[in-house]
1. If A252 satisfies every condition in (1) within 15 Å of the ligand (Cβ to nearest atom); (2) open to solvent by less than 10 Å² (accessible area, probe 1.4 Å); (3) not in a loop (DSSP other than H, G, I, E, B) but one, which is the exception?
2. Which helices (runs of 4 or more DSSP H) sit wholly inside region 50-155 and have at least 1 residues that are modelled with pLDDT of 95 or more?
3. Within region 299-319, is even one residue more than 23 Å from L383 (Cβ to Cβ), open to solvent by 30 Å² or more (accessible area, probe 1.4 Å) and part of a strand (DSSP E or B)?
4. Here is a list of conditions, (1) in contact (Cβ under 8 Å) with a residue 12 or more places away in the chain; (2) open to solvent by 30 Å² or more (accessible area, probe 1.4 Å); (3) more than 20 Å from L407 (Cα to Cα), and T97 meets all of them except one; can you say which number that is?
5. So, in region 59-92, how many residues would count as being of a type in the set (A, V, I, L, M), open to solvent by less than 20 Å² (accessible area, probe 1.4 Å) and out of contact with any Leu (no Cβ under 7 Å at 6 or more places or on another chain)?
6. Quick check on G36: is it within 16 Å of the ligand (Cβ to nearest atom) and touching a residue at least 40 places away in the same chain (Cβ under 8 Å)?
7. Would you confirm whether or not region 330-340 contains a residue that is touching a Phe, Trp or Tyr at 6+ places or on another chain (Cβ under 7 Å) and outside any helix (DSSP H, G or I)?
8. Please identify the pairs in which a residue from region 320-332 that is on the phi < 0 side of the Ramachandran plot has its Cβ atom under 7 Å from the Cβ atom of a residue that is near the ligand (Cβ under 8 Å from one of its atoms) and among the charged types (D, E, K, R), counting only partners at least 6 apart or on another chain.
Amino acid sequence: MAEVTELSPDRSARMRIAVVSMHTSPTAPLGQSANGGLNVYVREVCTAFSDMGIATDIFTRIQSPDDPAEESLAPLSRVIYLPAGRDLDKYDLYRETPQFAQRISEWAAAAGASYDLIYSHYWLSGEVACLLRPELAPSWAHIAHTLGLVKNRRLATGAQPEPALRIAVEGELAHQADLLIASTADESRELVGAYGADPARVFVVAPGVDLTTFRPVGRSEARRKIGVGDGPLLLFVGRLERLKGVDIAIRALAELREAGRPDLRLLVLGEDSHDGNESEKDRLKQVAHAFGVRGSVDFVGSVAHHELPYFYSAADCCVMPSYSESFGLVGLEAQACGCPVVGSGVSGIRSVVRDEVTGFLIDADNPSVYAQRIGLLLDDPELARQMGLRGRLLAQRFSWNRTADRLAEMFSSVVDTHDRVQIGMRHE
Ligand code: UDP
């Protein structure tokens, strides 16, 4: 039986949500292993929910012996760590979903916790929610974060396609959940068109950015802080895996240096995602070596989220050559700091970056095209400054409070519908 922990649930909360985040934890260090946008999303949305009087219990796995049994994220939000599968990749983790569901169920029974809704993140947690739903909460909302079918449509050379199992599970979730949250209109179309979801249950709610943390810092202060000189600087931020296309940025750097910018450098922030057998970081070092720019690419490792504004503010441009991206959080953060973005035109980046307004979008994985667009920004600091200003304005349309508000509206409507059905049944 799971241990009942100390922090007591707040019974006066306006809504109580069981958040399932089996794959990764909102408290995990970002930019390595599987820890990226999903973690930021869960952490920020649950913090904003807490401010609105909505309580969340976030269920995640114990991943290290140092993980506590329970941790407070915000006054009305706590993270509950339960044992289920350690050091397994996401496909092996699938086998652990019944065990994780069982642990959550035991924990909730022992703690006397009850919920209005389950909110599951990523296909693994969706499977857990599907198992838990009959007993844990009357309503269920799911967000995919990424979709296997979409990822498989545009793969980097050498990248492993997502297996049929994941796609089948995603299809099942698309049919079963009461609400499907999509981050972009394109993602909602994929849920309906490719997975057969009922359009009446799919809602677009854009993620946000923390505008108090992500704001411009003076360029010289930012550069001093991160220890770089005055020369032109490109930046990549993210987990290192093939789909992020960092090799395209390295090859663009090589072309630009060759074309007369010998002092141009690229900072690569983030660590191996361990998504394949090979280390992506080692592979990228080899690419840099092969193109003669190993000495101009700094692999900085993962950097704490709150330190990133210095990097975005110091850089001349943030490069995002992703093969697929369901939502370009990094692009939004860069723009919030006034840094123009040169990225691929995939839907997640297109939803936050305006081509030729806040940066450049490129519909090909061609390093020469990246080099040409980056060159435009390096040659014309006024253009870069204007794009940075417009990016900052555009980013102000996004906030986690807005995301949480809109989610709360959706969740309330499904919870109310359920209540009406229950009352109707009692009156029959
Ligand atoms: N990130 C970070 N430190 C790093 C690398 C990444 O804090 O060293 C954060 C980054 O700021 C962003 C998230 O991790 O908020 C990555 O999100 P994104 O949606 O861009 O990529 P994903 O990991 O979801 O593919």
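1. With respect to (1) within 15 Å of the ligand (Cβ to nearest atom); (2) open to solvent by less than 10 Å² (accessible area, probe 1.4 Å); (3) not in a loop (DSSP other than H, G, I, E, B), A252 is out only on (1).
2. Helices (runs of 4 or more DSSP H) meeting the threshold: 97-111, 122-136, 148-153.
3. For region 299-319, residues more than 23 Å from L383 (Cβ to Cβ), open to solvent by 30 Å² or more (accessible area, probe 1.4 Å) and part of a strand (DSSP E or B): present.
4. Looking at each condition in turn, T97 falls short on (2).
5. So the answer is 4.
6. So G36 passes the test.
7. yes
8. S322/K244
The values are calculated or read from the model by the stated rules, or taken from the named source; none is laboratory data. Worth saying up front: this structure is predicted, and the values here are computed from it rather than measured. A quick note on method: Cβ atoms are made from the backbone with ideal geometry, for glycine too, and the neighbour counts reach across all protein chains shown. These area figures cover heavy atoms from the full protein model, side chains too; ligands, DNA and RNA do not enter into them. Shrake-Rupley method; radii C 1.70, N 1.55, O 1.52, S 1.80 Å.
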